[in-house]
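Q: I'd like to ask some things about the structure below.
Every number in this text was worked out from the coordinates using simple rules, so none of it is lab data. All figures in this text were calculated on a predicted structure; none of them were measured in a lab. So basically every Cβ, Gly included, is an ideal-geometry build from the backbone, and we count neighbours across all protein chains shown.
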Amino acid sequence: MKLLLGVSGGIAAYKSCEVVSAARKAGHEVRVVMTPNATRFVAPLTFEALCGHKVMVDTFADALDHIAWAKWAEVVLVAPASANVLGKLACGLADDALGTTLMAVPRGRPVLLAPAMNTEMWLHPVVQRNLRWLEALDRYTILAPVEKRLACGDYGPGGLPDPGELLAAAEAALQAGAPRPA
Ligand SMILES: Cc1cc2nc3c(=O)[nH]c(=O)nc-3n(C[C@H](O)[C@H](O)[C@H](O)COP(=O)(O)O)c2cc1C
């Protein structure tokens, strides 16, 4: 599987390292696109070492990487997907490498979003509305966050599923196969 992993600025970004590690061990190719804020949680170097490929953070560093990488991917997984990324995606904003690459993903290609955030953020009506908007596009699969004791100390929904589950969801999305037409 050619897996394109999008990482945004959430406390669970470190768990995405385990997704890359597990995917590589399972024989998959992985490329990583990070938001600038994600690099405040995990260094791109960590992902580069784990996936054996350069990481994209700056849309303008390599002219057409966002198009080429979007075409390259057989499955796209955004984990963690921040509240901010969900909102931007729902509104069609493409003001960083992740947003721009997501916009360029060919129609029918599986795109999985794994939101993770504080419970109040998750339950916020605007976040829930953005999720409904995204689901209505029939382009994205939302991997629901898990209920647990979160990094902030609160208990409730908002936790990123285990890396193994995220990888299994990506593999299942590929198996589900035939890209849907636009
Ligand atoms: C310590 C810390 C942890 C954060 N964790 C999350 C989180 O888990 N989920 C989330 O949506 N935002 C979280 N945020 C807020 C985002 O980092 C912030 O909204 C940022 O603008 C997201 O940028 P991005 O979506 O471009 O990556 C956190 C912020 C800080 C300082």
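Q: Here are some residues: Ala22, Ala83. Which one is within 16 Å of the ligand (Cβ to nearest atom), in contact (Cβ under 8 Å) with a residue 24 or more places away in the chain, of a type outside the set (Phe, Trp, Tyr) and surrounded by 17 or more Cβ atoms within 10 Å (Cβ to Cβ)?
A: Ala83 is the lone residue from the list that is within 16 Å of the ligand (Cβ to nearest atom), in contact (Cβ under 8 Å) with a residue 24 or more places away in the chain, of a type outside the set (Phe, Trp, Tyr) and surrounded by 17 or more Cβ atoms within 10 Å (Cβ to Cβ).
Q: Within segment 135-164, work out how many residues are of a type in the set (Asp, Glu), surrounded by 14 or more Cβ atoms within 10 Å (Cβ to Cβ) and either within 14 Å of the chain's Cα centre (by Cα) or farther than 20 Å from Met121 by Cβ (or both).
A: Matching residues across segment 135-164 total 1.
Q: Please go through segment 145-155 and give me each residue that is in contact with a Pro (Cβ under 8 Å, 6 or more places away or on another chain) and either within 12 Å of the ligand (Cβ to nearest atom) or within 23 Å of Ala73 (Cα to Cα) (or both), ordered by number.
A: Listed by number, the list holds a single entry, Pro145.
Q: Still on this structure, please answer the following. Kindly list the number of the only condition in (1) away from the ligand (no atom under 12 Å from the Cβ); (2) surrounded by 15 or more Cβ atoms within 10 Å (Cβ to Cβ); (3) free of Cβ contacts under 8 Å to residues at least 60 places away in the same chain; (4) outside any helix (DSSP H, G or I) that fails for Ala114.
A: (1)
Q: Can you say whether His66 is in contact with a helix residue (DSSP H, G or I) (Cβ under 9 Å, 6 or more places away or on another chain) and in a loop (DSSP other than H, G, I, E, B), as far as the supplied structure shows?
A: no
Q: Just to verify a result, which residue in segment 118-134, among those that are surrounded by 15 or more Cβ atoms within 10 Å (Cβ to Cβ) and either more than 12 Å from Lys88 (Cα to Cα) or among the small types (Gly, Ala, Ser) (or both), is farthest from the ligand (Cβ to nearest atom)?
A: Taking the candidates together, the pick is Thr119.
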